[in-house]
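Trainee: I have a structure here, written as structure tokens, and I will follow up with some questions on it.
Just so it is clear, none of the values below were taken in a lab; they were calculated from the coordinates. Here the structure is a predicted model, which means the values were calculated and not measured. Every residue, glycine as well, gets a Cβ built from its backbone with ideal geometry; the counts of neighbours run over all protein chains shown.
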Amino acid sequence: MIRTRRLLAAALLLALPGCASEPQPTKPQYVTTLDSAAPATSGPPVDGGTYDSPLVLVDALRKGGIDCTGYSAIAQPRGAVARGNCHVNGDEYTVGIYASAADARAQPNAMAELLKGVAPVDLVLGRNWTVGCPDPQACQAVASVLGGEVFHEDA
């Protein structure tokens, strides 16, 4: 009878998770979709994220394959904390950083009003930044690197 109780106790210990003397596997024995899938490549944030300065933004473009060279700061930028120009293959890009998302969101409309009837407005709008581009295709390339929303307004 004592032997039967010992066997029963041993069987119960083996049946309870974490109580058996044998090590338990730390990973499930089944394969999930996540385990078998190729590693996901992460892209830029949909809203473009935030940047501290135009130079950091220019550096992010460079790291993404858009080499914007010859950065020149614009003194006393209207509506922005900081703004400057740089060039990609001879085309001018304008990068701006804003104090708030609301200030950044106001920029496309302000530019469209200012340039109405004169020139189209093409830019990418991030959470606290904008990048003015020479054309919609250039803006698409910027958005693929930085994220954000492409804005186009005809002249």
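Trainee: Efficiency by 1/(1 + (r/R0)^6): what FRET value for Gln140 and Ser100, r their Cβ-Cβ distance, R0 = 22 Å, to the nearest 0.05?
Mentor: Between Gln140 and Ser100 the formula returns 0.25.
Trainee: Follow-up. Asp103: net charge of surrounding residues, Cβ under 14 Å, Lys/Arg +1, Asp/Glu -1, itself excluded?
Mentor: Within the 14 Å Cβ shell, the charges total +4.
Trainee: Further question on the same structure: Starting from the 7 Å offset along Cα-to-Cβ, what nm value, one decimal, do you get for the label separation of Gln76 and Glu92?
Mentor: Here the answer is 1.9 nm between the modelled labels.
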